[in-house]
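Participant: My questions will all concern the structure given below.
The values are calculated or read from the model by the stated rules, or taken from the named source; none is laboratory data. It should be emphasised that the depicted structure is a prediction, and the values quoted were computed from it without experimental measurement. Neighbour counts are summed over all protein chains in view; Cβ atoms, including those assigned to glycine, are modelled from backbone coordinates with ideal geometry. Surface areas here come from the heavy atoms of the whole protein model, side chains and all, with no ligands, DNA or RNA. Shrake-Rupley method; radii C 1.70, N 1.55, O 1.52, S 1.80 Å.
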Amino acid sequence: MTYTSAWQSPSNIALVKYWGKHGIQLPRNPSLSFTLSACRTEMKMEVSLNAGTPGVTVYYDGKPKPAFEPKINSFFQRLDDRFPWLKSASVFIDSINTFPHGAGIASSASALSAMALCLSDIHELIEQKQQETNQPWLQDVSLLARLGSGSASRSVFPVAAIWGHSPGIAGSSDDYAIPWQDNIASVFHDYQDTILIVSASEKSVSSTLGHSMMNDLAYAATRYELAGKNILSLVEIMRSGKDLDAFISVCESEALQLHALMMSGANPFILMEPNTIAIIKKIWQFRNETKIPVCFTLDAGPNVHLLYPKIYQQDIQTWINAELTKFCADGVYISDHVGSGPSRI
Ligand code: PMV
């Protein structure tokens, strides 16, 4: 018997960063992210039960991609308890990312959340249950996605999500993300994120290694405490939507702290490039001169996420073309925005 499912699932960008973990992908501090739209994975999964040759076969864009198989196999091992059928199944996965190949954009959040969605769907089919998309089902998918990649837990929900327990945030949990779209002002529901591609190369240090370096970092406890405070400030700022200066201050401080942590360990590393810094200085100058509330955040890499309200789209576009594309690899940037979360395809 063969079962199939297909989902598209977006990437997300953290405003308060998750950096440091323990146990099986449990975060050391709560994080809050925007769910993106243009940057997403489209995935199709086929599962044949009691197959002669169990195992996973992975394709990317219609072509075999065995290099992805070890990571997926370890993810599947973590799901043995939940999906006992996986052990004896033959699983075929084909996916494609909508963002430009080799743009240096991490695909683990979109890919692992798409995988968790497909697996959960197929589980319902096997159990002959109704296919769901309601809140408790998505919560559970978020937990499964977390076991593959921590940040993937947040991609399951539209607009914004919080992952990690905070005593000040009802319902928050280390196990799964919770939806946050109903708790933020309308200005954030269509916030723009233009991703300036400073370098399209693969990351030189994996996030797994980066997280593990937090274990011996002298500043770790202070960082977790600060992240806990920042998320509570951001929750309040985003609820009212009235103080974009305060929003900017938390976002930029979080981005630079993430990179400062990388530079502070016993084996420090730098993921920013000279053009990352050049863009940041341009943003500060432009904001000073125009008072347009544009700010940046950074992921674990050199690319700059430019965040701004939709009403400034035209001004920002003109400025990007005039002043910023020269800092981008081959002039490439991705025009993304806060999005509506995953959907079946
Ligand atoms: O989900 P991981 O293990 O790839 O870690 C992601 C860490 C950051 O992207 C740097 C921050 C975050 O919260 O997404």
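Participant: As an exercise: evaluate Pro158 against (1) in a loop (DSSP other than H, G, I, E, B); (2) in contact with a Cys (Cβ under 8 Å, 6 or more places away or on another chain) and give the number of the one condition it does not meet.
Facilitator: Against the list (1) in a loop (DSSP other than H, G, I, E, B); (2) in contact with a Cys (Cβ under 8 Å, 6 or more places away or on another chain), Pro158 comes up short only on (2).
Participant: Here is a follow-up. Tell me, please, whether a residue that is surrounded by 18 or more Cβ atoms within 10 Å (Cβ to Cβ) and over 30 Å from Val198 (Cβ atoms) can be found in segment 93-107.
Facilitator: As a first pass, look at segment 93-107 and keep what is surrounded by 18 or more Cβ atoms within 10 Å (Cβ to Cβ): 93-95, 97, 99, 103-107.
Still in the running and over 30 Å from Val198 (Cβ atoms): 93-94.
Taking every residue of segment 93-107 in turn, at least one turns out to be surrounded by 18 or more Cβ atoms within 10 Å (Cβ to Cβ) and over 30 Å from Val198 (Cβ atoms).
Participant: For Val187, work out the one condition from (1) part of a helix (DSSP H, G or I); (2) free of Cβ contacts under 8 Å to residues at least 60 places away in the same chain it doesn't fulfil.
Facilitator: The one condition Val187 does not meet is (2).
Participant: Right, here's the next one. Scanning segment 282-303 for residues that are among the hydrophobic types (A, V, I, L, M, F, W, C) and within 16 Å of the ligand (Cβ to nearest atom), which turns out surrounded by the fewest Cβ atoms within 10 Å (Cβ to Cβ)?
Facilitator: Within segment 282-303, the subset among the hydrophobic types (A, V, I, L, M, F, W, C) is 283-284, 286, 292, 294-296, 298, 300.
The next check asks that each one be within 16 Å of the ligand (Cβ to nearest atom); those that pass are 296, 298, 300.
On the way: Phe296: 23, Leu298: 24, Ala300: 20.
Among residues in segment 282-303 that are among the hydrophobic types (A, V, I, L, M, F, W, C) and within 16 Å of the ligand (Cβ to nearest atom), the one surrounded by the fewest Cβ atoms within 10 Å (Cβ to Cβ) is Ala300.
Participant: Condition test on Leu209, is it in contact with a Phe, Trp or Tyr (Cβ under 7 Å, 6 or more places away or on another chain), open to solvent by 20 Å² or more (accessible area, probe 1.4 Å) and over 25 Å from Ala246 (Cβ atoms)? Before you say what the answer is, go through the steps one by one.
Facilitator: Numbers: in contact with a Phe, Trp or Tyr (Cβ under 7 Å, 6 or more places away or on another chain): no; open to solvent by 20 Å² or more (accessible area, probe 1.4 Å): yes; over 25 Å from Ala246 (Cβ atoms): yes.
Answer is no for this residue.
Participant: Right, something else. Show the residue pairs meeting these rules: Cβ distance below 6 Å; 6+ apart or different chains; first residue within segment 247-269 and touching a residue at least 24 places away in the same chain (Cβ under 8 Å); second residue basic (Lys, Arg).
Facilitator: These pairs meet every condition: Glu254/Lys17; Leu258/Lys17.
Participant: Within segment 124-152, can you find the residues that are open to solvent by less than 10 Å² (accessible area, probe 1.4 Å) and without any contact (Cβ under 8 Å) to a residue 60 or more places away in the chain?
Facilitator: At the first step, the residues of segment 124-152 found to be open to solvent by less than 10 Å² (accessible area, probe 1.4 Å) are 141-142, 144-145, 150, 152.
Across segment 124-152, the qualifying residues are Val141, Ser142, Ala145, Ala152.
Participant: Another question, if that's okay. Looking at Lys326, Lys310, can you tell me which residue is free of Cβ contacts under 8 Å to residues at least 24 places away in the same chain, open to solvent by 10 Å² or more (accessible area, probe 1.4 Å) and of a type outside the set (Gly, Ala, Ser)?
Facilitator: Lys326
Participant: Here's another thing I want to ask about it. Being in a helix (DSSP H, G or I), open to solvent by 40 Å² or more (accessible area, probe 1.4 Å) and free of Cβ contacts under 8 Å to residues at least 24 places away in the same chain is the filter here, so list the residues in segment 214-246 that pass it.
Facilitator: Within segment 214-246, the subset in a helix (DSSP H, G or I) is 214-216, 220-240, 244-246.
After this cut, where a residue has to be open to solvent by 40 Å² or more (accessible area, probe 1.4 Å) as well, the list is 215-216, 221-222, 224-226, 229, 232-233, 236, 239-240, 245.
The answer is Ala221, Thr222, Glu225, Lys229, Ser233, Glu236.
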